[in-house]
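Participant: Okay, handing you the structure first.
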Amino acid sequence: SNAIADITVLGSNPVYGLNAIGGAIGITMKDGFGYQGGEIDVMGGSFGRAQVGVQAGMLSGPAAAFIAAEYLREDGFRDFSDSEISRFYGDLGFKGSVAEFHINLTAARSDVGVTAAAPIELLRQDWGNTFTSPQTTDLEVLMPTINGSVKVTETLTFSGVAYYRR
C-alpha cells in the first residue's frame with residue numbers, strides 16, 4: 001500500500017472491457033520521478049502484531065528508481081490464526097523528451113491462518129478456541145511488467161504494456 005500514488009474510481013465505460021459494467025478502479029503506482037527520498041514506518045499492536053514498511057525513491061538525470069516493501073506478522077486472537085505477509089514493489093524508469101519507459105516488479109507472499117465460525121458454547125469456554133482448524137490461506141504473486149509511451153506528435157501518443165503474472 002505504501003507504493004500507491006493515487007486511486008481513481010471511474011464510471012462505467014466500454015473502453016475498460018466487458019467486466020467493467022459498473023465501473024473500474026485505476027491505481028497509479030509511485031516511481032522515482034514523482035517520489036524522492038525515503039521513509040520507514042514501524043507499527044505494533046495487540047496479539048503480537050508487528051509491521052514495518054519502507055519506501056525509497058531517487059532521480060538521476062533521465063533515470064529514476066523506486067522501491068517499496070512491507071512486512072507484517074501477527075499471532076491472531078484465536079488459535080491457529082497467525083499471519084505473515086510480505087510485499088515488494090520496484091520500479092526503474094527512463095524518461096526523455098518524447099518517450100518514457102518503466103520496468104516494474106510486484107511480488108508478494110502471504111500465509112494467513114483462517115478460523116471459521118465456531119459454536120457459541122465453544123467460544124464461551126475460551127474466545128481463542130476454534131471449531132474447524134487449521135485452515136490456512138497461502139498465496140504468492142510474482143508480476144514483472146514493462147510499459148512505455150512515445151509521443152509521436154502533440155496529439156498522438158503510442159503506449160503499451162506487457163506483463164507476466166504468476
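The values are calculated or read from the model by the stated rules, or taken from the named source; none is laboratory data. Because the structure is a prediction, the values reported are computed rather than measured. Backbone-built Cβ (ideal geometry, glycine too); neighbour counts: all protein chains shown. Heavy atoms of the whole protein, side chains included, go into the accessibility calculation; ligands, DNA and RNA do not. Shrake-Rupley method; radii C 1.70, N 1.55, O 1.52, S 1.80 Å.
Participant: May I ask for the net charge around Gln55, where only other residues with Cβ less than 13 Å from the Cβ of Gln55 are counted and Lys, Arg are +1 while Asp, Glu are -1?
Facilitator: Neighbour charge sum, excluding Gln55 itself: -3.
Participant: With every protein chain left in place, what is the accessible area per residue of the stretch 54-94 in square angstrom, probe 1.4 Å?
Facilitator: 51 Å²
Participant: Could you tell me which of rounded, prolate or oblate describes the stretch 1-55, using a ≥ b ≥ c as the square roots of the eigenvalues of the alpha-carbon gyration tensor, with rounded for a/c under 1.5 and, failing that, prolate when a/b is larger than b/c and oblate otherwise?
Facilitator: oblate
Participant: Compare the Cα positions of Phe80, Asn104, Tyr16 along the charge dipole of the stretch 1-118 (+1 at Cβ of Lys, Arg; -1 at Cβ of Asp, Glu; about the Cα centre) and return the one farthest towards the positive end.
Facilitator: It is Tyr16.
Participant: A further question on this structure: Over the stretch 10-143, with every protein chain in place, what whole percent of the accessible area is carbon and sulfur at 1.4 Å, could you tell me? Can you show the working numbers first?
Facilitator: Numbers: 5150 of 8430 Å².
It is 61 percent, rounded to a whole number.
Participant: Probe 1.4 Å, all protein chains in place: accessible area of Glu39 in Å², nearest 10?
Facilitator: 90 Å²
Participant: Hey, another quick one. Which three extents, in whole angstrom, do the alpha-carbon atoms of the chain cover along their principal axes, largest first?
Facilitator: 72, 39, 25
Participant: Tell me, what ³J(HN,Hα) does each residue in the stretch 86-96 have, in order and in whole Hz, if you take phi through Karplus 6.51 cos²θ - 1.76 cosθ + 1.60 with θ = phi - 60° and put x for Gly and Pro?
Facilitator: 10, 9, 9, 9, x, 9, 10, x, 10, 10, x
Participant: On to the next question. Within the set of other residues whose C-beta is less than 15 Å from the C-beta of Gly148, count the net charge using Lys and Arg as +1 and Asp and Glu as -1. Could the numbers behind the result be given before it?
Facilitator: Working: positive: Lys95, Lys151; negative: Asp31, Asp91, Glu100.
Residues close to Gly148 contribute a combined charge of -1.
Participant: Output the relative contact order of the stretch 1-62, whole-number percent, from Cα pairs under 8 angstrom with separation of 6+ residues.
Facilitator: Computed over the stretch 1-62, the figure is 29 percent.
Participant: From the protein chains alone at 1.4 Å, what is the descending order of accessible area for Leu139, Leu122, Leu92, largest first?
Facilitator: Leu139, Leu92, Leu122
Participant: Using the charge dipole of the chain (Lys, Arg: +1 at Cβ; Asp, Glu: -1 at Cβ; taken about the Cα centre), state which of Gly148, Ile4, Gly93 has its Cα farthest towards the positive end.
Facilitator: Positive-most Cα among the choices belongs to Gly148.
Participant: Right, here's the next one. Net charge within 15 Å of Ala118 by Cβ-Cβ distance, Lys/Arg positive one each and Asp/Glu negative one each, not counting Ala118 itself? Each step should come with its number before you reach the end.
Facilitator: Working: positive: Arg78, Arg124; negative: Asp79, Glu121, Asp126.
So the environment of Ala118 carries a net charge of -1.
Participant: Between Val150, Val15, Val52, where does the largest GNM mean-square fluctuation fall for the chain, given springs only between Cα atoms within less than 10 Å?
Facilitator: Looking only at Val150, Val15, Val52, the biggest GNM fluctuation is shown by Val15.
Participant: To the nearest Å, what is the center-to-center distance of the stretch 103-164 and the stretch 46-98, using C-alpha atoms only?
Facilitator: After rounding, the separation between the Cα centres reads 13 Å.
Participant: Quick one: compute the contact order of the stretch 49-129, relative version, from alpha carbon pairs under 8 angstrom and 6+ residues apart, as a percent.
Facilitator: Relative contact order comes out at 25 percent.
Participant: Nothing charged except the Cβ atoms of Lys and Arg (+1) and of Asp and Glu (-1): what's the magnitude of the dipole of the chain about its Cα centre? Round to the nearest 20 debye.
Facilitator: Its charge dipole is roughly 440 debye.
Participant: If the elastic network links every pair of Cα atoms under 10 Å, which of Thr132, Thr28, Thr153 fluctuates the most in the Gaussian network model of the chain?
Facilitator: Thr153
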